[in-house]
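Here, each number is a calculation from the coordinates, and none is a lab measurement. Given the structure is predicted, the values throughout are model-derived calculations rather than measurements. Cβ placement follows ideal geometry from the backbone for every residue including glycine, while neighbour counts extend to all protein chains displayed.
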Amino acid sequence: MISIREQDYGLDVALYNEFTLGDFKLFEEALLKRSGEHDKPDVLLDLSGIKDFTLDMAMEEIRFMRAHENEFGRFAVVADDSWIRLAAHLSGLLTRVPAQYFETVEEAQDWLIHSAAA
């Protein structure tokens, strides 16, 4: 399940339980829409509620991010599970998308808001 909210800096995205290809397609739509409205939107990606992800979603994520990596700003990733954090980090290495990792949503939001203002 996915929750997507627009913010001044870009998007807040929270994932719960299993992250599927259908969820990722919703994320793609929202991100492309926001990038058309906001130059290089930043994204807060909250993975703290995720339990699993599907292989087809992971493959689509790599394809999409490689095709659009210059259209987005920074990614603030919240993940408390070491395996999910590792998977997110490896994905970032494959796509060259800059990401910063945080323990809480509040820390991630603070980083996006204050570093954008600086």
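Phi-derived couplings, Karplus 6.51 cos²θ - 1.76 cosθ + 1.60 at θ = phi - 60°, listed residue by residue for the range 61-66: 4, 5, 4, 5, 5, 5 Hz, with x used for Gly and Pro. Of all DSSP-defined beta bridges confined to the range 1-73, some 40% are antiparallel rather than parallel. The modelled label-to-label distance for the pair Glu29/Leu55, using points 7 Å beyond Cα in the direction of Cβ, is 2.7 nm. Packing here is the average count of other Cβ atoms within 10 Å per residue, and on that basis the peptides 9-16, 30-37, highest first, run 9-16, 30-37. Using only Cα atoms, what Kirkwood radius does the range 1-67 have, in angstroms? One over the average 1/r among Cα pairs gives 12.1 Å for the range 1-67. Taking amide H positions as modeled 1.01 Å from N, with prolines and chain starts lacking one, the residues under 5 Å from Asp46 and 5 or more places away or on another chain are Val13, Ala14, Leu15, Val78.
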